[in-house]
Amino acid sequence: MIIIGVDAHKSTHTFVAVDEVGRKLGQLTVKATTDGHLSAIEWASQWPQLQFALEDCRHVTRRLEADLLRRGHSVVRVKTQLMAVHRRSAREPGKSDPIDAHAVAMAALREPNLPIARLDGPAREVKLLSDHRHDLVCERTKLISRLRWHLHELDPELHIPLRGIRRYRVMDELADRLAQFTGVVAQIAGELLDRCRQMTRQINDLEHQIRDRVRALAPSLLDIPGCGVLSAAVIIGETAGAHRFHSKDAYAKFNGTAPIPVWSAQERVRLNRGGNRTVNAALHAIAITQVARGGPGKDYVAKLQAAGKTRREAVRLLRRRISDRVFQVLRADEDELGKVANASILAAA
């Protein structure tokens, strides 16, 4: 098996081929276009059995991944940390595209269970919509902060409810109040209020789109107590297919809920501050909601606290328990969708 490591950039991609013992067989640099990808595939065809290894930075490798997968090639993703470890221990000093590509290939040789790349599906659409909504919410928060200062300058006694500028009724009342003022400050405040109204409408529309897609992709995920549409969207988008994880433990390692073994310490494990922190935050939100609203989560935390655990430790253990449940329902929903798709194909045939 020949491994071809790839160091990807916005303008060019560098390919380095190594054999099963790590000997460099050749290198090639092409433009980061479809024509460049095709020339790289033609160059790689001199080896009958090969696998491509790409550094996991999908913002620059997504198009290359798609071109390779559509032509039947196997593609694995190498984390940047794994590649950097080999580069620091390599004999050749410095940093260049061929050195980085060779480090990616060597990391792929050393690590047998790397994530396998697949063509993007509906899960990426959920992620794109969720990320876009999050960006709009952050931008709206900045606008609201600026608007509040202008309103305070116009009328220090004006009371605005907490998070009130997100509601249309409050925005209508503020628009009527601003109509009583003149000057540049009132003009700017009116423009900011109009932008807040427009962004709120966009955010709400995006949430409706996300809800429809989440219910179609993972309806069982919404049945987990404390899991709302937005948390489910984050989990679906970031997980990008639960079947790429071979077990619930691997999924827990991915999202940072699995502890790190430290056998030289007294307790032999320590808190995992790595993993996908976005999924970890969504799982934490579900755990906090379960504890606040009662039910199995609250009973579980109370049981652990009675056994001597602190509240923080109990919530961490609950978060891991929720991770296992999320993995289970994601796998089940994906299997169900696969059966429906196969039945549709057979019916069409």
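The values are calculated or read from the model by the stated rules, or taken from the named source; none is laboratory data. It should be emphasised that the depicted structure is a prediction, and the values quoted were computed from it without experimental measurement. Cβ placement follows ideal geometry from the backbone for every residue including glycine, while neighbour counts extend to all protein chains displayed. Just the protein is used for accessible areas: all its heavy atoms, side chains included, with ligands, DNA and RNA removed. Shrake-Rupley method; radii C 1.70, N 1.55, O 1.52, S 1.80 Å.
Out of contact with any Ser or Thr (no Cβ under 9 Å at 6 or more places or on another chain), open to solvent by 60 Å² or more (accessible area, probe 1.4 Å) and closer than 27 Å to Ala189 by Cβ: does that describe Arg118?
In short, no.
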Quiz item: Just one of Asp223, Asp212 is modelled with pLDDT of 90 or more, open to solvent by 70 Å² or more (accessible area, probe 1.4 Å), under 21 Å from the mean Cα position of the chain (by Cα) and acidic (Asp, Glu); which is it?
Solution: Asp212
Exercise. Considering only residues that are open to solvent by less than 50 Å² (accessible area, probe 1.4 Å) and over 21 Å from Val229 (Cα atoms), look in the stretch 290-340 and name the one that is modelled with the lowest pLDDT.
Key: Gly338
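Taking the criterion of being free of Cβ contacts under 8 Å to residues at least 40 places away in the same chain, in a helix (DSSP H, G or I) and under 20 Å from Gln27 (Cα atoms), would at least one residue in the stretch 44-54 satisfy it?
No: zero hits.
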Quiz item: What number of residues within the stretch 194-209 satisfy the criterion of being of a type outside the set (Lys, Arg) and open to solvent by less than 60 Å² (accessible area, probe 1.4 Å)?
Solution: 7
Quiz prompt | Residue check for Ala44: under 30 Å from the mean Cα position of the chain (by Cα) and small (Gly, Ala, Ser) | solution = no
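When the stretch 101-123 is examined, which residues are found to be assigned to a helix (DSSP H, G or I) and touching a helix residue (DSSP H, G or I) at 6+ places or on another chain (Cβ under 7 Å)?
Scanning the stretch 101-123 gives Ala103, Val104, Met106, Ala107, Pro122, Ala123.
Residue-wise test of (1) buried (at least 16 other Cβ atoms within 10 Å of the Cβ); (2) of a type in the set (A, V, I, L, M, F, W, C); (3) under 26 Å from Leu136 (Cβ atoms).
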| position | (1), (2), (3) |
| --- | --- |
| Arg148 | no, no, yes |
| Arg163 | no, no, yes |
| Tyr168 | no, no, yes |
| Glu173 | no, no, yes |
| Gly183 | no, no, no |
| Leu192 | yes, yes, yes |
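Could you say which residue among Thr61, Thr80 is open to solvent by 50 Å² or more (accessible area, probe 1.4 Å), under 25 Å from the mean Cα position of the chain (by Cα), of a type in the set (Val, Ile, Thr) and under 30 Å from Thr278 (Cα atoms)? Spell out how you get there, then give the answer.
Details: Thr61 fails: open to solvent by 50 Å² or more (accessible area, probe 1.4 Å).
Answer to the check: Thr80.
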